1. Please go through (1) at pLDDT 90 or above; (2) over 30 Å from residue 394 (Cβ atoms); (3) in the same structural domain as residue 264 (by TED's automatic domain parsing) for residue 85 and return the number of the only condition it doesn't satisfy.
2. Out of everything in the range 333-368 that is touching a residue at least 60 places away in the same chain (Cβ under 8 Å) and more than 20 Å from residue 278 (Cβ to Cβ), what residue ends up being surrounded by the fewest Cβ atoms within 10 Å (Cβ to Cβ)?
3. What tally of residues in the range 35-50 results from selecting those that are surrounded by fewer than 11 Cβ atoms within 10 Å (Cβ to Cβ) and either farther than 15 Å from residue 90 by Cβ or within 42 Å of the chain's Cα centre (by Cα) (or both)?
4. Tell me, yes or no, whether the range 326-339 has at least one residue that is under 24 Å from residue 369 (Cα atoms) and either assigned to a loop (DSSP other than H, G, I, E, B) or at pLDDT below 95 (or both).
5. Spot the failing condition for residue 75; the list is (1) outside any loop (DSSP other than H, G, I, E, B); (2) in contact with a strand residue (DSSP E or B) (Cβ under 9 Å, 6 or more places away or on another chain); (3) more than 30 Å from residue 393 (Cβ to Cβ), and only one is missed.
6. Please work out if residue 161 is in the same structural domain as residue 263 (by TED's automatic domain parsing) and at pLDDT 90 or above.
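The values are calculated or read from the model by the stated rules, or taken from the named source; none is laboratory data. Computed from a prediction, not measured in an experiment: that's the story for all the values here. As a convention, Cβ positions derive from the backbone with ideal geometry for all residues, glycine included, and neighbour counts pool all protein chains shown.
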């Protein structure tokens, strides 16, 4: 006798460990439901022979003997013993699923912060599933206990370091500082003892003149001043207490700055989008307080936000891959330009996209292979898949009815509590 043969089957589906867990839990629930039906059927069996189950069917014979009652009871007991055995197996199965859950890496929630210049608020979206943002809340400083003056001067650029959020107030010429340790809002609504989400902890204004954009490298914060075409530099070794270092531009930097809006950094190179002369400038910041212009390109129109791809790794141990692409939003013609920055000091224009989708794009932000672009004119945010960096694919837009003049974007990865 030969052994049975198993056909060569190549499944066309792939299920991850994360997807397997809810399937296993569902199977346990279905088996428990089936056992519940069996237990109910056995109970009704006893009710029927005792004459307490209204079925409209007469017993035959009409009188049940004690021996017959014992026989039915014995039958019920045998069935329930089998049910108990099955319950024990289900318990083992459930314990195994719990062990499987324990092997999974921690879940990291990710949030997108969006500044609304026209209603002086910041909106928060949960983007743990990047293509499907979920609105969480909107806040301003007046939402924080004991603070009455909030970002009332047109919030624009956003930047995050650790659990500190900086919000540039363009028309008040200051930057508000928020603690976003609990970004999702109140854990205990109505209870003043517990934090209530983002809490304003201060502000600063030295060296600022219509601030619109940020860039952070190490403990250095750069701020773009649109009004006087300068950049301010701060030491943020203590994030909630920035220390002003200097302001450069004008006579210090005679070229390369003209109504700067967006900033981005890779290595020792600082990119600046200049809305005043339709250029993007690259500065060497190997000496952080003394930037020097190394390149200026003009393939843009009303440049605003900047974003680099790929982004730095978030999780420890992830490989560091230098960014090879730079995206620049064009406010004037409602598009986004793509630059090859494989050689950071020599950005090369390689494409443009978004015509017909975008409307006055401002801030840009990237997580994994998803690009977000703030549409200032129609108060939405566009989503693009950039798995092919030079051929972005539009996914959808979101935020209508929630956003109001969205300007700056910032992404916040949150470790599990």
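1. (3)
2. Among those residues, the one meeting the criterion is 345.
3. Residues meeting the conditions: 1.
4. Within the range 326-339 (the criterion being under 24 Å from residue 369 (Cα atoms) and either assigned to a loop (DSSP other than H, G, I, E, B) or at pLDDT below 95 (or both)), the answer is yes, since at least one residue qualifies.
5. For residue 75, the exception is condition (2).
6. Numbers: in the same structural domain as residue 263 (by TED's automatic domain parsing): yes; at pLDDT 90 or above: yes.
Yes: the conditions hold for residue 161.
Table: residues versus (1) assigned to a loop (DSSP other than H, G, I, E, B); (2) on the phi > 0 side of the Ramachandran plot; (3) surrounded by 14 or more Cβ atoms within 10 Å (Cβ to Cβ).
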site	(1), (2), (3)
99	no, no, no
106	yes, no, no
112	no, no, yes
118	yes, no, yes
123	no, no, yes
132	yes, no, no
135	no, no, yes
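For every residue, the table says whether it meets (1) within 10 Å of the chain's Cα centre (by Cα); (2) at pLDDT below 90.
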{"site": "97", "(1), (2)": "no, yes"}
{"site": "103", "(1), (2)": "no, yes"}
{"site": "108", "(1), (2)": "yes, yes"}
{"site": "122", "(1), (2)": "no, no"}
{"site": "128", "(1), (2)": "yes, no"}
{"site": "131", "(1), (2)": "yes, no"}
{"site": "135", "(1), (2)": "no, no"}
{"site": "145", "(1), (2)": "no, yes"}
{"site": "149", "(1), (2)": "no, yes"}
